[in-house]
Structures are given as C-alpha cells and as structure tokens.
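Report on one structure; see the data block that follows.
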Amino acid sequence: MNVSNLKPVFVLNGPNLNLLGTRNVNVYGAKTLDDIEAGLLDKAAQLKLSIDFRQSNQEGDLITWCQEAGEAASGLIINAGGYTHTSVALRDALEPLTIPVYEVHLSNIYAREDFRRTSLLSEHAVGVIAGFGEAGYHFALEELAKKLT
C-alpha cells in the first residue's frame with residue numbers, strides 16, 4: 001500500500017496538554033504543544049503521511065474525534081492526559097475502532113503516582129509509549145507507518 005494515498009493520522013491530545021512548556025516542566029519538558037506538532041509534521045512528511053493534530057480539554061471532544069477517526073483516519077495516536085486513568089467513555093470510544101491506535105504519554109506514568117499507573121485505554125492500543133517525551137509521538141508515528149505499509 002502506498003502511504004501517500006492514506007487518510008490522515010489523527011493525533012489527539014487531552015486536557016492540560018495546551019499548557020506544555022509552562023506546566024510542570026520537570027515532568028513534561030519545556031516544549032510546547034505547538035513545538036510537538038511542528039516536529040511531528042516534519043516526521044510525517046518524511047514518512048509521506050499526513051496528520052490531523054488536535055487538542056481539547058473536553059472529554060466529549062476527544063470521544064467525538066475518536067468516533068470520527070474510525071471513518072476519517074488511517075490510524076490514531078492519543079495522549080489522553082488525565083482521561084487515560086478516568087474515562088470509561090473514552091475507552092468505550094476506542095473499543096470499536098478497526099484502525100491502529102497508539103497510546104502516548106510524555107512522562108513515564110508507571111513511575112509516578114499510583115493512580116496514574118492504570119490506563120483504561122491500553123487494552124485497545126496496538127502499543128503504549130511512555131516516558132520518552134516528544135519522541136514518543138515520533139516512535140508512535142514510525143510504528144504506525146510500518147503497520148500501514
């Protein structure tokens with residue numbers, strides 16, 4: 001399959017990720033979400049993929065976008081932020097997807113507070129990447145590109 005003919009990859013970002021670069025820099029790093037998007041657009045171009053990069057603090061937006069991805073995307077990369085650990089509704093939105101889903105976390109959620117160590121989303125993801133900062137998005141996109149070819 002020629003990846004240049006594929007639907008875009010949706011990259012969904014959840015609550016508080018709009019504060020990257022200013023919020024808890026020791027945990028999440030100094031890059032802003034705009035910086036991460038710019039780097040991922042470059043990576044996507046190298047892989048001959050397109051991405052649709054979105055962020056919302058609203059759980060309903062993320063759910064709607066996951067449902068949309070089922071028809072409009074070739075794959076999904078999701079950093080659901082705090083909803084990773086709390087949203088059964090978001091988990092349920094991922095369940096019926098037949099496209100590859102990758103879960104990304106900037107920090108290592110398994111080395112943090114107990115409540116962050118549980119993901120309600122992981123069972124519906126092809127892979128989970130945590131603790132690599134911005135590079136986690138790149139790893140996910142690279143693996144997704146391999147899966148799509």
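Results, tabulated for the structure shown:
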item: Extended-chain gain in nm, criterion 0.36 nm per residue less alpha-carbon gap, ALA135 and THR32; result: 35.7 nm
item: Protection-proxy order for peptides 69-75, 17-23, 114-120, each taking the mean of Cβ atoms within 10 Å per residue, highest first; result: 69-75, 17-23, 114-120
item: Shape call, the range 54-120: gyration tensor on alpha carbons, a/c limit 1.5; result: prolate
item: Residue of ASN13, ASN57, ASN79 that the Gaussian network model of the chain assigns the largest fluctuation, springs spanning Cα pairs under 10 Å; result: ASN57
item: Nitroxide proxy distance, nm - points 7 Å out along Cα→Cβ at ASP114 and SER50; result: 4.8
item: Where Cα atoms sit under 20 Å apart: lysine pairs in the chain separated by 8 or more or lying on different chains; result: 9
item: The chain - accessible surface per residue (Å², probe 1.4 Å); result: 48
item: Under-5 Å amide H pairs with ILE129, H placed in peptide plane, nonlocal only; result: GLU103, VAL104, HIS105
item: Global geometry of the chain, whether rounded, prolate or oblate, following the gyration tensor of its Cα atoms and the 1.5 cut on a/c; result: oblate
item: Among TYR110, TYR137, TYR83, residue whose mean-square fluctuation peaks in a GNM of the chain (springs only between Cα atoms under 10 Å); result: TYR110
item: Three-way shape label, the range 104-145, alpha-carbon gyration tensor, a/c 1.5; result: oblate
item: Rounded percent of accessible protein surface that carbon and sulfur make up, the chain, 1.4 Å probe; result: 49
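The values are calculated or read from the model by the stated rules, or taken from the named source; none is laboratory data. Quantities reported herein were computed from a predicted structural model and do not represent experimental measurements. Note: ideal-geometry Cβ built from the backbone for every residue, glycine included; neighbour counts use all protein chains shown. Heads up: the accessible areas ignore ligands, DNA and RNA and are worked out on the full protein's heavy atoms, side chains in. Shrake-Rupley method; radii C 1.70, N 1.55, O 1.52, S 1.80 Å.
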